[in-house]
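Worksheet for the structure shown next.
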Amino acid sequence: MSGGDGRQAADSLARHLARRMLVDGPMTVAAFMGEALGHPRFGYYMGRDPFGAGGDFTTAPEISQMFGELVGLWCVDTWARLGGPSPFHLVELGPGRGTLMRDALRAAAVVPDFARAATVHLVETSPALRARQKETLGGLPREPLWHDRLDDVPEGPMLLIANEFFDALPIRQVQKTSHGWFERLIDVEPDSTEETPRFRFVLEAFGSSGARLVPGGLRGAPEGSVVEVSPASCAVARLIGERIATHPGAAILIDYGYAHGPAVGDTLQALRGHAYAPVLEAPGEADLTAHVDFASLAGAAREGGAEAFGPVDQGAWLTRLGIAQRAAMLKRNATPAQASGIDAALARLIGTDQMGTLFKALALASPGLGAPAGFESS
Ligand code: SAH
């Protein structure tokens, strides 16, 4: 708060982005999203814990311990099917508060050889969340290792978990006009001030890169259509595919999105204080996500050499893994208040009107392994 006008203290990502647009011109949606979430100083995830009642949103592992436990048992089962490689890397992308990994490891302790063989790797860019993960996972026999990117995790046999990670990776958007496909960009509103810049969507001036991004099947979409692609997500899925094609391994990717994409539609959304907010309003202050295109992730992993299974609806997958039985077991030792809490969490995780069908699980596996648990008929 030094010096009169407080300008320094009030510096913001919006001003930083506006200055950058003055120099470089409009930004892609991907660049805007990348900065809004990951800017080292102002990025949404960088300095805060966004989860829970006091935060902006909540996630499946924060709703109930049952989620992480079942993911942990899925990992143990898949590891056994892979022949029990020892040692192996247990990797989580975007671990949030570390709750999922904590619950997974507790459940997996039923097979001590699994825990002995595992080295835990957490891929996390946010210093605030790394600190939180360290707290949650304190007391493990071996400290987890943190990395900025999956590329930095050493190669070898691997089981990988990602819950609500891909929806935070940058997307690009293209729009069909009467003159063809143009990439959607973000620019400063001409009548806004340097102090409080506002942003708007514009279309690139020459439709060259726009057309190149549109998947073949969607080129004939009607005028006005918006199509989203996520080269950043596909690059990660491809790398997972390459890793588990060369070493025994599997991955479980859980997120919200569409199974048969890429589809037409603008799904970029901002969440702030558990409510939707305008996406360009306060970069760095709101969570920005987009629907995950599971078909493209599966395609990229197959290109890398892996086999893909699903996606199946989260509700169906958790039910096949026995979430109802787990809930009944937890309720046996619960007070009436706790029991109704368990029922409410169960309904939230598997209910078709809640997370049960919007969220989906995609499994990737080394060639020849066959369908992992919960994917048998998919
Ligand atoms: N899996 C957790 C958190 C989901 S939120 C849960 O289910 O509760 C997204 C997580 O991904 C956060 O931990 C965020 O800091 C991290 N993240 C976002 N973008 C990332 C990136 N590009 N690289 C690594 N981590 C990222």
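Table for the structure above
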{"read-out": "Helix-only CD estimate at 222 nm, as mean residue ellipticity for the chain, using -39500 (n - 2.57) per DSSP H run (n ≥ 4)", "value": "-10500 deg cm²/dmol"}
{"read-out": "R0 of 25 Å, Cβ-Cβ distance Leu145-Arg106: FRET efficiency to nearest 0.05", "value": "0.80"}
{"read-out": "Heavy-atom accessible surface of the range 275-372: percent carbon and sulfur, 1.4 Å", "value": "55"}
{"read-out": "Local net charge near Met27, Cβ-Cβ under 9 Å (Lys/Arg +1, Asp/Glu -1)", "value": "-2"}
{"read-out": "Cleavage-rule hits, GluC sites (Glu not before Pro), the range 242-320, DSSP coil, Cβ neighbours within 10 Å at most 16", "value": "Glu281"}
{"read-out": "Computed label-point distance, nm, for sites Glu223 and Ala80 using a 7 Å Cα→Cβ extension", "value": "6.1"}
{"read-out": "Candidate residues Val123, Val188: accessible-area rank, largest first, probe 1.4 Å", "value": "Val188, Val123"}
{"read-out": "Sites Arg48 and Val202 - FRET efficiency at Förster radius 35 Å, r taken between beta-carbons, to 0.05", "value": "0.70"}
{"read-out": "Centroid-to-centroid separation of the range 175-207 and the range 15-60 [C-alpha atoms, Å]", "value": "18"}
{"read-out": "Counted charge near Leu271, where neighbours are those whose Cβ lies closer than 10 Å (Asp, Glu -1; Lys, Arg +1)", "value": "-1"}
{"read-out": "Average Cα contact separation per residue, the range 1-366, under 8 Å, 6 or more apart, as relative contact order %", "value": "19"}
{"read-out": "Charge sum, other residues only, whose C-beta stays under 13 Å from Arg132's C-beta, Lys/Arg counted +1 and Asp/Glu -1", "value": "+1"}
{"read-out": "Calculated FRET value between Gln269 and Asn333, using beta carbons and R₀ = 35 Å, to 0.05", "value": "0.35"}
{"read-out": "Packing-based ranking, highest mean first, of 174-184, 191-201 given that Cβ atoms within 10 Å are counted", "value": "174-184, 191-201"}
{"read-out": "Whole-Å distance, taken between Cα centres, linking the range 216-275 and the range 337-373", "value": "19"}
{"read-out": "Extended-chain gain in nm, criterion 0.36 nm per residue less alpha-carbon gap, Ala347 and Thr246", "value": "32.4 nm"}
{"read-out": "Kirkwood-type radius of the range 1-103, with distances r between different C-alpha atoms, in Å", "value": "17.5"}
{"read-out": "For the range 1-366, accessible area per residue (1.4 Å probe, heavy atoms of protein chains only), Å²", "value": "43"}
{"read-out": "Globularity index of the range 230-285, i.e. its alpha-carbon radius of gyration over 2.2 N^0.38 Å", "value": "1.57"}
{"read-out": "Per residue, the convex hull volume that the Cα atoms of the chain enclose (Å³)", "value": "160"}
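The values are calculated or read from the model by the stated rules, or taken from the named source; none is laboratory data. These numbers were taken from a predicted model, which means no experiment stands behind them. FYI the Cβ positions are ideal-geometry reconstructions off the backbone, even for glycines, and counts take in every protein chain you see. These accessible areas exclude ligands, DNA and RNA; they are computed on the full protein's heavy atoms, side chains included. Shrake-Rupley method; radii C 1.70, N 1.55, O 1.52, S 1.80 Å.
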